[in-house]
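**Q** I'd like to ask some things about the structure below.
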Amino acid sequence: MTRLHILILGGTSEASSLARAIAEDTRMAPVLSLAGRTATPALPPIPCRLGGFGGIQGLVDYLRAQGIEALIDATHPFASQMTAHARAAAAICGIPVLRIDRPPWMPELGDDWTMVPDIAAAARALGATPRRVFLTIGQKELAPFRAAPWHHYTIRSVDPPAPSLLPPRAAVITARGPFAEAEEHTLLLERRIDVLVTKNSGGAATEQKLAAARRLGLPVVMVTRPATPPMPKVADADAALGWIEVRIHEAAPRRV
Ligand code: NAP
């Protein structure tokens, strides 16, 4: 039986869940692609490739060379360049593309969120009075906070940030979610945090910091998501499985 060749662009829990869900399905030949940003990624049991493709043309070349028939963009909501490349390359190759777009977090009663459009605006939103800031925006976009060196930062990321990116008064915690609310509550209290800065990544794994901030009455500076281009979207890996089934049935007559 010929198998459907699928490329999953990953770096998220949704991509890993999807990869695990189809790993044993003999109707498909999936490959997971990771950018290679994380030193020790948790790899699911399907073939994986690491590193960038070399822009849209590089991705087009890869899709053609590997005979990829369906592309699933399960990158992070803030990985907007990869999403744009996926959409463009799929159009050039004439293959279907699906985006897994997990729903953003929404403010609840008791939340005190300041919405900002980008990381630089988040740094400015902290203001001129020194504050104790919990920064959970990853490791690579810390530079804007160097322009606000009067705050004390607790920075949590999967891998340690480059020292050159750190603001002067910073403590680093390396940890990978999921994080429980009690754990987040303790951290906010122990570090005497008075404001939380996060991207609106959505998802359950890192959501409990928001519940802990709400319970303590702490304000949150929330970086809103970049817009995604128009393309077919689903909210999670389960819904992506349904989309793959349709692709398998579409491909079957072409192979007879
Ligand atoms: P980005 O700005 O959208 O992409 C920058 C470049 O990285 C892309 O043009 C591509 O290089 C390469 N790339 C990104 N995702 C890739 C993938 N899955 N496989 C192969 N190459 C990939 O992406 P980013 O924000 O740096 O994110 C990088 C990775 O970290 C993604 O896998 C994303 O899902 C994950 N991640 C990002 C965030 C975040 O906040 N941005 C948070 C958690 C996880 P070429 O142009 O050379 O192909």
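The values are calculated or read from the model by the stated rules, or taken from the named source; none is laboratory data. A quick note: this is a predicted structure, and the numbers were derived from the prediction, not measured. Quick reminder, even Gly has a Cβ in these numbers, built from the backbone with ideal geometry, and neighbours come from all protein chains shown.
**Q** What are the residues in region 174-206 that are over 15 Å from Val220 (Cβ atoms) and of a type in the set (Val, Ile, Thr), if any?
**A** Within region 174-206, Thr174, Thr186 meet the criteria.
**Q** Right, here's the next one. Is it the case that region 57-72 has a residue that's within 12 Å of the ligand (Cβ to nearest atom), closer than 18 Å to Thr228 by Cα, at pLDDT 95 or above and surrounded by 18 or more Cβ atoms within 10 Å (Cβ to Cβ)?
**A** Yes.
**Q** Also: Does Ala90 qualify as being within 13 Å of the ligand (Cβ to nearest atom) and crowded, with 19+ Cβ neighbours inside 10 Å?
**A** So Ala90 does not fit the description; no.
**Q** Which residues, taken from region 77-122, are of a type in the set (Gly, Ala, Ser) and free of Cβ contacts under 8 Å to residues at least 40 places away in the same chain?
**A** Filtering region 77-122 down to residues of a type in the set (Gly, Ala, Ser) leaves 79-80, 84, 86, 88-91, 94, 110, 120-122.
Result: Ala88, Ala89, Ala90, Ala91, Gly94, Ala120.
**Q** Filter region 17-34 for residues that are in contact with a strand residue (DSSP E or B) (Cβ under 8 Å, 6 or more places away or on another chain), more than 19 Å from Ala251 (Cβ to Cβ) and crowded, with 16+ Cβ neighbours inside 10 Å and give the result.
**A** Ala19, Leu32, Ser33, Leu34
One line per residue, one yes/no per condition, for (1) touching a residue at least 24 places away in the same chain (Cβ under 8 Å); (2) more than 24 Å from the chain's Cα centre (by Cα); (3) closer than 30 Å to Gly67 by Cβ:
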residue	(1), (2), (3)
Phe179	yes, no, no
Leu196	yes, no, no
Arg215	yes, yes, no
Arg247	yes, yes, yes
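**Q** Then there is this: Of all residues being touching a residue at least 40 places away in the same chain (Cβ under 8 Å) and within 16 Å of the ligand (Cβ to nearest atom) in region 15-35, which is farthest from Thr2 (Cα to Cα)? Just the residue, please.
**A** Ala35
**Q** Which condition breaks for Thr129 when tested against (1) surrounded by fewer than 17 Cβ atoms within 10 Å (Cβ to Cβ); (2) within 11 Å of the ligand (Cβ to nearest atom); (3) of a type in the set (Ser, Thr, Tyr)?
**A** For Thr129, the failing item is (2).
**Q** Another question about this same structure. Among (1) among the β-branched types (Val, Ile, Thr); (2) within 12 Å of the ligand (Cβ to nearest atom); (3) more than 22 Å from Pro178 (Cβ to Cβ), where does Thr38 come up short?
**A** Among (1) among the β-branched types (Val, Ile, Thr); (2) within 12 Å of the ligand (Cβ to nearest atom); (3) more than 22 Å from Pro178 (Cβ to Cβ), the lone unmet condition for Thr38 is (3).
**Q** Name the pairs whose Cβ atoms lie under 6 Å apart, with the first residue in region 46-60 and under 11 Å from Ser33 (Cβ atoms) and in contact (Cβ under 8 Å) with a residue 12 or more places away in the chain, the second near the ligand (Cβ under 8 Å from one of its atoms) and part of a helix (DSSP H, G or I), and 6 or more positions between them or separate chains?
**A** Phe53/Leu59; Leu59/His85
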